[in-house]
There are 2 protein chains.
Amino acid sequence: MRRFVIGSARNLIESSRQKYQFERSILSSSYRFLSSSPAADSPSSSSSSSTMAHLVSLSTINPKVIECEYAVRGEIVTLAQKLQEEIQTKPDAHPFEEILYCNIGNPQSLGQQPITFFREVLALCDHPAILDKSETQGLFSADSIERAWQILDQIPGRATGAYSHSQGIKGLRDTIAAGIEVRDGFPADPNDIFLTDGASPAVHMMMQLLIRSEKDGILCPIPQYPLYSASIALHGGTLVPYYLDEATGWGLEVSELKKQLETSRSKGITVRALVVINPGNPTGQVLAEENQKAIVEFCKQEGLVLLADEVYQENVYVPEKKFHSFKKVSRSMGYGEKDIALVGDESYESYSAERDGILSSLARRAKTLEDAFNKLEGVTCNKAEGAMYLFPRIDLPEKAIKAAEAAKKAPDAYYCQRLLAATGIVLVPGSGFGQVPGTWHFRCTILPQEEKIPAIVTRLTDFHKSFMDEFRG
Amino acid sequence: MRRFVIGSARNLIESSRQKYQFERSILSSSYRFLSSSPAADSPSSSSSSSTMAHLVSLSTINPKVIECEYAVRGEIVTLAQKLQEEIQTKPDAHPFEEILYCNIGNPQSLGQQPITFFREVLALCDHPAILDKSETQGLFSADSIERAWQILDQIPGRATGAYSHSQGIKGLRDTIAAGIEVRDGFPADPNDIFLTDGASPAVHMMMQLLIRSEKDGILCPIPQYPLYSASIALHGGTLVPYYLDEATGWGLEVSELKKQLETSRSKGITVRALVVINPGNPTGQVLAEENQKAIVEFCKQEGLVLLADEVYQENVYVPEKKFHSFKKVSRSMGYGEKDIALVGDESYESYSAERDGILSSLARRAKTLEDAFNKLEGVTCNKAEGAMYLFPRIDLPEKAIKAAEAAKKAPDAYYCQRLLAATGIVLVPGSGFGQVPGTWHFRCTILPQEEKIPAIVTRLTDFHKSFMDEFRG
């Protein structure tokens, strides 16, 4: 979130420059937050506009902010929003009726319903005054009410609106530690757990802690989720890339890690940490346990902090792969993975049905899209074993690459922009995640509602065919 | 929040060093977040513990993190938590039955009930599935239900759990802009508004944007809320202090701003922004409009970004003072301040009663505590005109200052620690906020429940008397 905001601030500065010649400041007063630099638009400011021009401009802000890129929210998305507004005011402005956002892993904005049990508990914790009213029994399940009481009992003063302990409410960390113990079969200490509002603050915290200067490096997969490149840039460190092997289904080879580590050390970089995203984003692969062991061993030998991003641990779609936490693997004693106990409670049946419904639908969507991509001329797509993404490779005709150059775009960005303009489908160019030089990809989420997938496939296939016809030799 | 977490991480590193000789890493696997560096406690890690020792330690982390201090969550609070645990296991362990947290502006954790209307709307937005059920009519007010529909209609896909626009949901920014227009009587553009989860991310965002190196300075009031000193330290800039004038009720003099600006410029510092907290934290003063105009003029002349922290705009306790937003002042056209319209709706009566009840009780508590402080030997306390704090000055006897030196504490920290141990009352030493060298203060919130205030006054008065007796000449 914070990253996106920085990006927006930068865009706003950029557009302000064009629109107002720097005479407006970038932050406006809001109800409980920072207010603007009011000098900029007071009646008498004209006399000092030349001073103000130097206040906040692309040439005077922190250059690290300028280096920050966030592909999933970049140029293509801005164009998509513009098209959406045009469709709203003039429904036949474009050859499609709606914009289909396949760019961002944001299930509920694409119509996926939230899990009822979670929302019941959340609502009751937000407004505990209704907990012991009789109408509440009719509206909420008994175990949601019970769970809300349990959670509230763990919060000092039952105050859900209050500042909590810096690491998160102790009682919740106890519960999470117990869940991790059940999952991994090894002890977990609640005092080692830091709760954050999303993954981004946790990643930023670690980068802030580890990076002292541009001489500190972080090993990151390519392709990677841009949160990593953006946070490393923002904290002034060096991204040390290692390439995932597309030929083996985006495999992670320790020999590649060693090679990149040595190369960067020879340049005077102190590599401090290794980022592993499992299941992968944007690549969707699930690591094998043997592979994970080798990675752990590598970190041990080289003295690296292992930053394991395991956000998609429940999103695994192929029966031959299982998620193993790096914590469990590192403790080297078999499996024993279980969900946090809910069995037997009133909501368990609906909870399981909702969750399994979502996951099996995602698996079907992944397969349909994967098959469709693999049927396209010049496109190859690895299986989505987990996470919520496909990352197909596209071999573009020479003429298309030339056309992209003329338009001053990366070839995959050019393809995505043409696709959006022709079909309303929003993808993210592979160049936003990194890729082996000379190869081109795009990321497509598997999140649009299942009934929309066939239309997406048709539109995409038709577009691709005409695009290739246009540029073929 | 993020700042607190960084502080905790540092503390954890520190305690890990003592407890485990660096053999544990600082982050543990949690359900959806970063997992630990697992190498540290796997069975075979002993062979490499010397390598691991260099991974994450006080000497190898980013030194800017070490410079970060956050007084309201510091040493005194750690001691208070220890005492609280001792009381829980052994109720007569100390000469008091409970810990009274006057250190942090956290009303609901001290028993202040949340505003019903807000919580009803929040619960309904979290769990919209109940919106059109008949039982909901009996549990929630009609205008809460109506408001929840309005808000949900502004959220794309009605998806409260989804990622939003980077600046916050557009429809909500429209509403906020309309509220600011009504408050200030000047236009407000929703595209200039950035919503953040608390004030801290907004402050960090601005510091990140403005600070390029230690040569960039930010003018901050002394005393200040430590969010500012901490975020400037973390982003590697220089805090340029200006002193609030205690003799004139913590007045903000433009001559002082000029003096400090020139001093820092002569040292090669580029001052980029001025922080003003109004109503003040920890000082509780409310700025006069004429004073604000002079501040705006100063920023205009010197080319400074004005960072106006107006979080406490509804917390004003004296009839002769009014809150004026810097935005309004800067647009220089009279008043016209109003709340966002709620009049006539079903919840308005209870909303007003709850809000007015809270504010008038806070005003009474502020007055009672202020009077009590002013009766103490060697203590003078300015009026709390706004915000939620008193910041009394205390002249400590020479012997007490010597005793503090012997205990390696700042004299005000020593006083607060002795007070806590004797009475269970938690204050924050003035040294955590900054003060004129050679003066000593502490910050006391006005938030403990009103019925507890007399006991706090009695305990504090008794302690103070015996403390002064102990150290008097």
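Within segment B:263-270, identify whether any single residue is in contact with a strand residue (DSSP E or B) (Cβ under 6 Å, 6 or more places away or on another chain), closer than 28 Å to B:N315 by Cβ and outside any helix (DSSP H, G or I), and answer yes or no. Within segment B:263-270, not a single residue is in contact with a strand residue (DSSP E or B) (Cβ under 6 Å, 6 or more places away or on another chain), closer than 28 Å to B:N315 by Cβ and outside any helix (DSSP H, G or I).
Scanning segment B:273-301 for residues that are more than 30 Å from B:N106 (Cβ to Cβ) and either within 14 Å of chain A (Cβ to nearest Cβ) or polar (S, T, N, Q) (or both) turns up B:E289, B:K293, B:A294, B:V296, B:E297, B:F298, B:C299, B:K300, B:Q301. Per the listing A:V286, A:V296, the residue uniquely assigned by TED's automatic domain parsing to the domain that holds A:E320, in a loop (DSSP other than H, G, I, E, B), of a type in the set (V, I, T) and farther than 19 Å from A:G434 by Cβ is A:V286.
When B:A455 is tested against (1) within 21 Å of B:T78 (Cα to Cα); (2) small (G, A, S); (3) surrounded by fewer than 17 Cβ atoms within 10 Å (Cβ to Cβ), exactly one condition is not met: (1). Residues A:Y228, A:Y242: which one is of a type in the set (S, T, Y), over 30 Å from B:N106 (Cα atoms) and not in a helix (DSSP H, G or I)? The match here is A:Y242. Out of curiosity, is A:K90 at the interface with chain B (Cβ under 9 Å from one of its Cβ atoms), modelled with pLDDT of 85 or more and either over 16 Å from B:M206 (Cα atoms) or crowded, with 16+ Cβ neighbours inside 10 Å (or both)? When the stated conditions are applied, A:K90 does not pass them. Within segment B:123-146, not a single residue is of a type in the set (K, R), surrounded by 20 or more Cβ atoms within 10 Å (Cβ to Cβ) and farther than 30 Å from B:I76 by Cα.
Among the residues of segment A:187-202, those that are under 22 Å from the mean Cα position of the chain (by Cα) and either without any contact (Cβ under 8 Å) to a residue 40 or more places away in the chain or within 7 Å of chain B (Cβ to nearest Cβ) (or both) comprise A:I193, A:F194, A:L195, A:T196, A:D197, A:A199, A:P201, A:A202. Here A:T263 meets the list (1) within 14 Å of another protein chain (Cβ to nearest Cβ); (2) closer than 27 Å to B:I61 by Cβ almost entirely, failing just condition (1).
Of the candidates B:F373, B:F433, B:F463, B:F467, the single residue that is buried (at least 18 other Cβ atoms within 10 Å of the Cβ) and within 23 Å of B:A230 (Cα to Cα) is B:F433. When B:S431 is tested against the conditions (1) out of contact with any helix residue (DSSP H, G or I) (no Cβ under 6 Å at 6 or more places or on another chain); (2) outside any loop (DSSP other than H, G, I, E, B); (3) among the hydroxyl-bearing types (S, T, Y), the lone failure is (1). Free of Cβ contacts under 8 Å to residues at least 40 places away in the same chain, under 26 Å from A:L209 (Cβ atoms), crowded, with 20+ Cβ neighbours inside 10 Å and not assigned by TED's automatic domain parsing to the domain that holds B:G105 - does that describe any residue in segment B:269-281? No, segment B:269-281 contains no residue that is free of Cβ contacts under 8 Å to residues at least 40 places away in the same chain, under 26 Å from A:L209 (Cβ atoms), crowded, with 20+ Cβ neighbours inside 10 Å and not assigned by TED's automatic domain parsing to the domain that holds B:G105.
Considering segment A:93-184, the qualifying helices (runs of 4 or more DSSP H), each wholly inside and each with 3 or more residues that are out of contact with any Asp or Glu (no Cβ under 6 Å at 6 or more places or on another chain) and touching a residue at least 24 places away in the same chain (Cβ under 8 Å), run over A:116-126, A:142-154, A:170-184.
Residues in segment B:111-126 that are in contact with a Leu (Cβ under 7 Å, 6 or more places away or on another chain) and within 7 Å of chain A (Cβ to nearest Cβ): B:D126 only. Filtering A:A123, A:A129, A:A142, A:A159 for residues that are under 25 Å from B:Q81 (Cα atoms) and of a type in the set (G, A, S) leaves a single hit, A:A159. With respect to (1) small (G, A, S); (2) modelled with pLDDT under 90; (3) farther than 30 Å from A:F471 by Cα, the lone exception for A:A384 is condition (3). Total residues in segment B:215-268 satisfying the condition of being closer than 30 Å to A:H204 by Cα and either surrounded by 19 or more Cβ atoms within 10 Å (Cβ to Cβ) or within 25 Å of the chain's Cα centre (by Cα) (or both): the figure is 26. Considering only residues that are facing chain A (nearest Cβ under 9 Å) and either closer than 19 Å to B:S330 by Cβ or in contact with a helix residue (DSSP H, G or I) (Cβ under 7 Å, 6 or more places away or on another chain) (or both), which ones fall in segment B:164-185? Listed by number, the residues that qualify are B:S166, B:Q167, B:R173, B:I176, B:A177, B:G179, B:I180, B:R183, B:D184. Can you say whether A:A422 is over 22 Å from the mean Cα position of the chain (by Cα) and among the hydrophobic types (A, V, I, L, M, F, W, C), as far as the supplied structure shows? Here the answer is yes, as A:A422 does meet what is asked.
The values are calculated or read from the model by the stated rules, or taken from the named source; none is laboratory data. Everything numeric in this text was worked out from a predicted model, so none of it was measured. So basically every Cβ, Gly included, is an ideal-geometry build from the backbone, and we count neighbours across all protein chains shown.
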